[in-house]
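Please read the structure below before turning to the comments.
The values are calculated or read from the model by the stated rules, or taken from the named source; none is laboratory data. Nothing here was measured: the structure is a model prediction, and the numbers come from that model. Positions of Cβ are backbone-derived with ideal geometry, glycine not excepted, and every protein chain shown enters the neighbour counts.
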Amino acid sequence: MYNIYRMRIKLHSSYITPWQSDTIMGHLFWAIKYRYGEDRLEEILKDAEKNPVFIVSDAFEEGRYPKFNTPINYEMLEVSDTESYTKMKKIKKLKNVNLDEFNGFIEGKTLIEFFRTKLEKDNIKTNETVEQNTIHNQINRMTGTTVDNGLYTLNEKFIDGNLEIFFKVRKDYKIEELEEILRDFERSGFGKKSSSGKGSFKIIDFKKFDGFKKVKNGNGFIILSNYIPKKGDYEEVVYAETLTKYGKLGGEEAHNDIPFKRPFISYSKGGIFKSKNPSEIKGKMLSNIHLDLKFKQFGIPFILEVNLNE
């Protein structure tokens, strides 16, 4: 029903807005409207309720995927010396793993096995994205001059390397349409302050991806994006973190008299859930997100079916 594609991008600047799936999807929806018209966007939004033409993941630093934070009894590792204990603390702090390790989790490798393998290695790297607070002057748009006491800070993030974003694309969907709107997305930039150069990026490639292991008769799923669940999606939360989002309208609606959305809570990437039907489309479009009821929030996650070792 769906093919998996991967888009690799190279950032040309720092960015401010986190590269999360629902924000990326918002950019793509606006690109559809501007290129193909509001009627085409309405068709795609209608499909999105139950059978979306495409689903997008968060952006990941290339080759780095969420560690499966399933329950673990650390006493089973039998760590007794100082060097191994120091390594174990570093491994606990790891947020991401490489593709082979990620696929091992998909196929049912336990966190105990992962720790034991890592403890045998000489070097444990825990480097993450670099963040920096930068100071800016507030500008009076009428005079073009700085405002007295108008200093403010922005938290900017820097990545040395590429990002990758995954797409599930419905097999009957015309891929050329998605390629067009991705090029429009590239031209517009991503997130806050994109008009002044933040979130600038170049698409390296966009092609089918078969790097994730496929399992048969899985008993759970992992999410690689933000997720707003609907009733009956899963039987149990194995591990999950939530985030509260205070969204804002995009595109031309950013200048709306009331541009801010109502806050909402979603699960974030890396969440793991038990499910009898782990390959089904999960999540929903969230309504009542703004005073204008035509606006909705995309909460359908990019999921991978997994074997959870019980």
note = Within region 32-83, the residues that are assigned to a strand (DSSP E or B) and either in contact with an Asp or Glu (Cβ under 6 Å, 6 or more places away or on another chain) or surrounded by 18 or more Cβ atoms within 10 Å (Cβ to Cβ) (or both) are PHE54, ILE55, VAL56, SER57, ASP58, ALA59, PHE60, TYR65, PRO66
inquiry  = Of the residues PHE273, PHE295, only one is within 19 Å of SER21 (Cα to Cα) and either touching a strand residue (DSSP E or B) at 6+ places or on another chain (Cβ under 7 Å) or assigned by TED's automatic domain parsing to the domain that holds THR23 (or both); which?
reply    = PHE273
message = Within region 190-205, does at least one residue satisfy the condition of being on the phi > 0 side of the Ramachandran plot, surrounded by fewer than 12 Cβ atoms within 10 Å (Cβ to Cβ), modelled with pLDDT of 70 or more and in the same structural domain as ASP22 (by TED's automatic domain parsing)?
response = yes
query = Can you tell which of PHE221, PHE212 is part of a loop (DSSP other than H, G, I, E, B) and either surrounded by 16 or more Cβ atoms within 10 Å (Cβ to Cβ) or in contact with a Phe, Trp or Tyr (Cβ under 7 Å, 6 or more places away or on another chain) (or both)?
reply = PHE212
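Considering only region 3-31, state which residues are in a helix (DSSP H, G or I) and of a type in the set (Gly, Ala, Ser).
Filtering region 3-31 down to residues in a helix (DSSP H, G or I) leaves 21-31.
The answer is SER21, GLY26, ALA31.
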inquiry  = Need pairs with beta-carbon distance below 7 Å; first residue farther than 17 Å from LEU286 by Cβ and within region 225-250, second in a loop (DSSP other than H, G, I, E, B) and modelled with pLDDT under 95; sequence gap 6+ or separate chains.
reply    = GLU235/LYS276; VAL238/THR70; VAL238/LEU308; TYR239/ASN69; TYR239/THR70
remark   = Scanning region 96-121 residue by residue, those under 26 Å from PHE209 (Cα atoms) and surrounded by fewer than 13 Cβ atoms within 10 Å (Cβ to Cβ) turn out to be ASN98, ASP100
query = When you go through (1) farther than 29 Å from LEU28 by Cβ; (2) over 18 Å from the mean Cα position of the chain (by Cα); (3) not β-branched (Val, Ile, Thr) one by one for LEU94, which number turns out not to apply?
reply = (2)
task = Among the residues of region 151-193, write down those that are of a type in the set (S, T, N, Q) and assigned to a strand (DSSP E or B).
result = THR153, ASN155, ASN162
